[in-house]
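Everything below concerns the one structure shown next.
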């Protein structure tokens, strides 16, 4: 019981300190920008792959129909 209370107070203290820290906010913003740019690149690459895969399937289906 005492340990839970200490953990609660400690986590509340740390959370309040982080929320008040401009350095933490800058770090969080930079991390968000970095993750967003990686996600955008992955989405673009994924959609390019799907487009090329679809085109390849269409070509192959035309080749099969002609034979």
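The values are calculated or read from the model by the stated rules, or taken from the named source; none is laboratory data. This structure is a prediction, so every number in the text was calculated from the model and none was measured. Quick reminder, even Gly has a Cβ in these numbers, built from the backbone with ideal geometry, and neighbours come from all protein chains shown.
Please determine whether any residue of segment 24-36 is touching a helix residue (DSSP H, G or I) at 6+ places or on another chain (Cβ under 8 Å), assigned to a helix (DSSP H, G or I) and without any contact (Cβ under 8 Å) to a residue 24 or more places away in the chain.
Among the residues of segment 24-36, at least one is touching a helix residue (DSSP H, G or I) at 6+ places or on another chain (Cβ under 8 Å), assigned to a helix (DSSP H, G or I) and without any contact (Cβ under 8 Å) to a residue 24 or more places away in the chain, which makes the answer yes.
Does residue 64 qualify as being loosely packed, with under 10 Cβ neighbours inside 10 Å and modelled with pLDDT under 95?
For residue 64, the condition - loosely packed, with under 10 Cβ neighbours inside 10 Å and modelled with pLDDT under 95 - is met.
Listed residues 20, 52; which is exposed (fewer than 10 other Cβ atoms within 10 Å of the Cβ) and over 22 Å from the mean Cα position of the chain (by Cα)?
After ruling out the rest, the residue left standing is 20.
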